[in-house]
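Where a number appears in this text, it was derived from the coordinates with a stated rule and is not lab data. In this text the structure is predicted, and so the values were computed from the model without any measurement. Using ideal geometry, Cβ is built from the backbone for each residue, glycine included, and neighbour counts are taken over all protein chains shown.
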Amino acid sequence: IISKMYEGHDEKKDGAYNIFYMGVNAGAFLGIMLCGWVGEKIGWSYGFGLAGIFMFLGMLQFYFAQKLFGNVGDKPEKKGLESHDIKDTNSDGIKLNHFIPIDYILISIFTISAIIFIINDPLSKIGNIQTFNFDIAGLEDSLFFALVAAITFILLLIVRIPRYVRIERDRMIAFSIFCLFTIFFWAAFEQAAGSLPLYTRDFTNRFLEGGAAITFKIVDLIVTVVPLAIITYVLMSLFRKTFNRIGLSNTILGFSFLIVWAIVLYKLYIEFQSTNTEVPVTWFAILNSLFIIMFAPLFTKWWDSRYNPPASVKYFLGLALLGFGFAFLAFGARNVPAGAESASLSMAWLVLAYLFHTLGELCLSPMGLSYLSKLIPARMVAFMFGVYYLAIAIGNKLAHYVGGDIEKITQEHSLSTFFLIFTFIPIGLGIISLLLHPLLKKLMHGVR
C-alpha cells in the first residue's frame with residue numbers, strides 16, 4: 001500500500017517507510033505500556049484480554065477506513081486473460097519467469113513443512129501434545145520441519161533468480177544480500193524479548209525510594225503523557241479532515257483513545273499513591289517504541305535530504321549501532337562475576353542499550369521495506385516479501401537458541417562475555433556491509 005501511494009517518487013520512499021514505522025511503534029508504545037502494566041499489577045489474563053480488545057477495535061477501524069485509500073491495495077484485475085493465453089513477456093517487453101515443475105515441487109515441500117511446524121510447535125511446547133515425536137541428527141521434530149521449510153524456500157529463491165533478465169536478477173541478488181544482514185540483525189535485536197528481560201529482572205536495580213522514586217514517577221508521567229498527547233493531537237487533526245469520509249472509523253478510533261486515556265490516568269494515580277517504587281520489567285520495553293517516535297522524524301528528514309547515504313552505509317550504521325548498544329550492557333556488567341545469579345546494576349545501561357538498538361533499527365528495518373519496493377518488480381513483490389520475512393523469522397529463531405544459552409555462558413564465563421558476543425558480531429557484519437558497497441552499487445543499477 002505504501003509503495004503504491006509513493007509510486008513514481010522512489011526518492012521519498014525511505015522517509016515514507018520511516019513515517020509508517022513511527023506509526024506502527026506509536027501503537028506498540030501504548031500496547032506494551034498499558035497491557036504490560038495491567039498484566040504485572042492486576043493479572044496477565046486482563047493484560048492479554050486488553051490486547052485482544054484493542055486488536056479487535058483496530059481491525060474495525062482499519063476496515064471502515066478502506067475508502068480513504070481509493071484503489072490503492074485493491075486486488076489487481078486480470079483483464080480477461082485466459083489460462084491458455086499465458087504470455088512470455090509483460091507490457092514492457094520484459095521476459096516473464098513462469099513457474100516450472102521444480103518450482104512447484106519446492107513450493108509443495110515448503111508449504112507442507114511450514115504447516116506442520118506451525119501446528120506442531122505450539123501443540124508440543126504449550127499443550128505437550130506430541131503430534132510428531134522424533135529426533136534426526138539431534139534436531140527435534142519441530143526444528144526439523146522449520147529447517148526443511150527454510151531450506152526449500154531458499155532453494156526456490158536460488159532456482160528462480162538466475163532465470164530473470166539481468167537487471168531484475170541483479171537487483172534481487174542485492175536484496176537477498178540485505179536479507180542475510182537482516183537475519184543477523186534480528187538475531188541480536190530480539191534479545192529484547194529474551195535475555196534483556198532477564199538482565200532487567202535479575203541484574204538491574206529497579207527498586208527506588210525517596211527522591212529517586214519521585215524522580216522516576218515524574219519521568220514516567222512525562223514519558224507516558226507527552227507522547228500520548230502528541231499522538232492524540234495528530235489523530236484529532238486527521239479526525240477533523242477525514243470525518244466526513246470515514247466517520248464510523250474515526251468514531252471507533254476516538255472511543256479507543258478514551259479507553260487509553262482512562263487507563264493511563266488510573267495507572268498514574270496508582271503509581272503516585274505508593275511511597276516506594278519498583279520499576280516494572282515491561283516498562284523498559286516501551287523505550288524502543290518511545291525512541292522510534294522521537295527519532296523517526298529526524299531520520300525521515302535525513303533520508304529525504306541530499307545527505308541520504310547509500311544502502312551499504314545504512315546497513316553498516318544499523319548493525320554497528322546495535323553492537324554499541326550491547327557494548328553498554330557488557331560494560332555495565334563488567335564486574336559481575338561468572339556464575340552470579342543476581343546483581344544491582346544501574347538502569348542507565350539498559351536505557352542506553354535500548355537507545356542505540358532503536359537508532360540501529362531505524363537505519364535498517366524500515367530500509368528493508370523501502371528497498372524491497374524499489375528493487376523488486378511489482379509482480380515479484382509478494383514472493384520477495386516472503387523472502388524478507390523469512391529472514392526475520394530465521395533471525396527470531398536464532399535469537400531464541402542463542403539467547404537460551406545465557407545461563408550456560410554466564411556460569412562458565414560471565415554476563416559481560418555473553419553481551420560481548422552480540423557486540424562484535426553485528427559490528428563485524430556492518431564492516432562487511434561497507435566493504436560490499438562497490439558490489440551492491442553495481443547490482444542495484446542506480447537505485448539508492
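Quick rundown of the values:
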item: Point-charge dipole on Cβ atoms (K/R +1, D/E -1) for the chain, about Cα centre, debye to 20; result: 1500 debye
item: Extended-chain gain in nm, criterion 0.36 nm per residue less alpha-carbon gap, W261 and K301; result: 11.3 nm
item: Region 148-162 residues near the modelled T131 label - backbone nitrogen below 18 Å, point 7 Å along Cα→Cβ; result: 148-150
item: Extension gain from Y389 to T251, taking 0.36 nm per residue of separation minus the Cα-Cα distance; result: 46.3 nm
item: Stretch gain in nm, segment V381-I421, where the contour uses 0.36 nm per residue and the Cα spacing is subtracted; result: 10.9 nm
item: Local electrostatic count, T224, Cβ distance below 13 Å [Lys/Arg +1, Asp/Glu -1]; result: 0
item: Packing-based ranking, highest mean first, of 239-247, 435-443 given that Cβ atoms within 10 Å are counted; result: 435-443, 239-247
item: For L345, distant residues with modelled amide H under 5 Å away; result: T204, N205
item: Peptides ranked, highest mean first, by Cβ atoms within 10 Å: ranges 303-315, 207-219; result: 303-315, 207-219
item: Farthest toward positive dipole pole in the chain [+1 Lys/Arg, -1 Asp/Glu at C-beta], among S344, A187, Y388; result: Y388
item: Projected-area average for region 157-220 over all orientations - Cα convex hull basis, square nanometres; result: 7.3 nm²
item: E11 paired with I119, simple spin-label distance in nm, labels 7 Å along Cα-to-beta-carbon; result: 5.3 nm
item: Positive-end extreme of charge dipole, the chain - chosen from G49, A378, L208 (charges on Cβ); result: A378
item: Between helix 247-273 and the chain: long-axis angle, C-alpha atoms, 0 to 90°, nearest 10; result: 30 degrees
item: Within a Gaussian network of the chain (alpha carbon springs, distance under 10 Å), most fluctuating of L180, L139, L50; result: L139
item: Exceeding the 21 Å Cα-Cα cut-off - candidates K12/K374; K12/K67; K301/K374; result: K12/K67
item: Structure-derived Cα Rg over 2.2 N^0.38 Å: which label, when the choices are [x] 1.69; [y] 0.98; [z] 1.07; result: [z]
item: Sites N308 and I53, calculated FRET efficiency, Cβ-Cβ separation with R0 41 Å, nearest 0.05; result: 0.50
item: Alpha carbon centroid spacing (whole Å) that separates region 376-400 from region 243-312; result: 27 Å
item: Residues M59, M5, M444, M33, sorted so that the one with the fewest Cβ neighbours within 10 Å comes first; result: M59, M5, M444, M33
item: Of I100, I167, I109, the one that fluctuates the most in a GNM where the chain has Cα springs shorter than 10 Å; result: I100
item: For the chain, calculated [θ]222 nm from helices alone, where every DSSP H run of n ≥ 4 adds -39500 (n - 2.57); result: -25000 deg cm²/dmol
item: Inter-part distance where region 1-54 and region 133-190 are each reduced to a Cα centre, Å; result: 27 Å
item: GNM flexibility winner over the chain from A285, A149, A137 (Cα, springs under 10 Å); result: A137
item: Efficiency of FRET from Cβ geometry, S274 and S346, R₀ 22 Å, rounded to 0.05; result: 0.50
